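As structure tokens, the structure follows; a few thoughts come after it.
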């Protein structure tokens with residue numbers, strides 16, 4: 001059996017796009033079992049997204065929903081799912097023993113999602129699912145929703161081979177879709193099988209160019225390229241659109257091609273490439289789900305920009321206070337919030353880590369201006385003191401654990417959540433804390449003075465800053481070059497918890513070095529910006 005966590009299609013896309021270091025990183029987060037955190041997450045959900053193939057080999061995606069506790073986990077290699085596809089669903093008879101199934105657990109209220117791929121071991125009133133791969137995803141492009149249970153009232157099931165005018169309007173009004181893809185090559189490989197993935201954007205982010213063709217923008221993500229990697233080897237694809245008000249589902253199956261760099265890509269703001277889907281089959285099941293989701297797609301409230309603070313050449317902090325004067329929702333150091341704003345007449349929502357200490361009266365987000373970033377450019381260039389944005393509730397599980405020693409390791413704008421942690425740890429000044437940060441130079445080093453100030457007031461805190469390309473007049477850094485194993489070994493603290501945040505390749509390298517230094521994997525916690 002292959003040892004890589006990626007199959008040849010995923011590796012082909014990574015090479016094409018110049019992705020480096022992802023194998024080392026992914027090998028630490030893609031596991032052949034369910035970590036305890038993931039088991040607790042999946043078994044707490046009211047529904048799961050499932051991807052599988054019908055008898056003709058066409059992929060489809062669907063929702064499996066049940067009563068509280070309908071998902072259980074007998075051990076870290078199994079899920080028991082006491083739910084089957086609804087009557088008329090494209091996968092109604094497809095989840096048989098031995099079937100490849102991809103599962104996505106997603107919580108719209110907290111923007112958390114985890115994927116698990118494997119096979120059905122038995123069927124009946126419940127699915128016995130055996131895990132082959134499990135991994136988490138970042139919270140980008142997930143729209144906040146709250147759910148409630150209802151008694152389903154299934155209506156007519158509609159089938160066709162093109163999209164009706166009503167269905168085309170459904171697609172163009174959607175802010176969320178789920179995508180099913182898969183590949184099974186020769187031999188045995190943990191990356192073979194089906195995959196269920198989430199795609200999100202502002203309403204209208206999916207283009208409909210004809211009754212039989214859809215265009216889906218592919219944004220930057222975790223660089224695994226699971227879906228794209230599947231599609232370059234097997235273009236068959238399934239899409240699922242959910243009407244969250246009515247509990248109806250629109251399932252689409254077809255053939256996908258990848259538009260890597262044509263002029264059409266530029267028409268979709270922020271897209272890295274496009275997935276073009278030629279529709280072959282359509283199934284619409286009306287009001288069949290036992291769940292409904294509120295229409296307050298973001299569950300947000302208005303907040304006013306009460307202060308702005310440039311931190312570096314490309315990072316600015318915005319301080320946000322609820323517009324109604326009420327207190328902010330409490331948060332833990334390391335968590336993030338969703339921020340919504342209007343950009344050129346369209347609603348845009350992004351998640352940003354909170355960079356201030358829990359207990360402050362306002363939220364502080366510290367945003368890097370990305371040249372192609374729709375939201376970040378607007379926050380830098382258009383949002384001014386006194387303007388209003390929308391904010392969601394704090395969420396995320398990249399938070400401090402236990403009361404022992406802590407090592408914070410960051411690069412670039414990845415400093416934002418660990419800055420919140422450092423500020424929180426200042427409340428226990430004698431606690432052993434090591435702060436290690438990599439920046440290009442002094443002009444691109446946010447929080448330089450703030451970090452030194454917090455360390456000066458905390459006897460147990462040590463700071464080390466590495467500049468990769470220092471300028472002649474730069475001061476306040478401790479070494480030149482990247483964070484390497486020798487430096488980490490020099491700063492190593494026995495039995496400490498390590499918190500890493502930054503680009504994927506950076507974290508992959510640091511995690512690999514830490515494990516060579518005999519730091520236990522369970523002591524390493526990560527947060528990626530994709």
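Ignoring everything except DSSP H segments at least 4 long, calculate the 222 nm mean residue ellipticity for the chain; use -39,500 (n - 2.57) per segment, divide by total residues, nearest 500.
Values: 10 runs with 88 residues, N = 530.
Mean residue ellipticity at 222 nm (helix-derived): -4500 deg cm²/dmol.
Ranking of 60, 147 by neighbouring Cβ atoms within 10 Å, starting from the fewest: 147, 60. Taking the centroid of alpha carbons for each part, region 500-530 and region 171-213 are 29 Å apart. Can you work out D for region 301-391 in µm² s⁻¹ from Stokes-Einstein, where Rh is the Kirkwood radius over C-alpha pairs, the temperature is 20 °C and the viscosity is 1.002 mPa s? Calculated translational D: 162 µm²/s.
Summarising the strand pairing of region 406-528, around 0 percent of its internal DSSP beta bridges are antiparallel.
Distances between every pair of Cα atoms in the chain, grouped in 20 Å steps from 0 to the bin holding the largest one, split as 22, 55, 23, 1 percent.
If you rank 462, 416 by fewest surrounding Cβ atoms within 10 Å, what's the result? Intermediate values should be presented prior to the final figure.
Details: 462 14, 416 29.
If I rank by nearby Cβ atoms, fewest first, I get 462, 416.
I'd like to know how region 8-293 sits against the 2.2 N^0.38 Å rule of thumb: what's its Cα Rg over that expected value? Mind dumping the intermediate values first?
Values: Rg = 17.6 Å, N = 286, 2.2 N^0.38 = 18.9 Å.
Relative to the rule-of-thumb radius for its length, region 8-293 sits at 0.93.
The orientation-averaged shadow of the Cα convex hull for region 128-202, equal to a quarter of the hull surface, comes to 8.8 nm². To the nearest 10 degrees, how steeply does helix 415-425 sit against the main Cα axis of the chain, on a 0 to 90 scale? So the helix axis and the longest Cα principal axis differ by about 60 degrees.
Quick check: convex hull of the Cα atoms in region 235-292, volume per residue, rounded to a whole Å³? Intermediate values should be presented prior to the final figure.
On the way: hull volume 5.9 nm³, N = 58.
Convex hull of Cα atoms, per residue: 101 Å³.
In terms of other Cβ atoms within 10 Å, 320, 291 run from fewest to most in the order 291, 320.
Between the helical axis of 504-516 and the longest alpha-carbon principal axis of the chain there is an angle of about 70 degrees.
Which value does Rg/Rh take for region 406-528 over its C-alpha atoms, Rh per Kirkwood? Working shown, then result.
Working: Rg = 13.4 Å, Rh = 14.4 Å.
Using Cα coordinates only, the ratio equals 0.93.
With 0.36 nm allotted per residue and the present C-alpha distance subtracted, the residue 8-residue 156 stretch has 49.1 nm of extension available.
Could you let me know the centre-to-centre spacing of region 249-293 and region 1-47, using Cα atoms, in angstrom? Centre-to-centre (Cα) distance: 23 Å. Roughly speaking, what % of Cα-Cα pairs in region 331-371 are separated by over 17 Å, rounded to a whole number? Of all Cα-Cα pairs in region 331-371, 38 percent lie more than 17 Å apart. So for region 111-266, Kirkwood radius off the Cα pairs, Stokes-Einstein at 4 °C and 1.567 mPa s: how many µm² s⁻¹? The diffusion coefficient I find is 74 µm²/s.
Taking only the Cα atoms of region 343-497, the radius of gyration and Dmax are 17.1, 53 Å.
What is the antiparallel percent of DSSP beta bridges lying wholly in the chain, to the nearest 5?
Values: 110 of 135 bridges.
If we restrict to bridges inside the chain, about 80 percent are antiparallel.
Read-outs: derived from the displayed coordinates by stated rules, not from any lab. Computed from a predicted structure; not experimentally measured. Methodologically, a virtual Cβ is constructed for each residue, glycine included, from the backbone with ideal geometry; neighbour enumeration extends over all protein chains shown.
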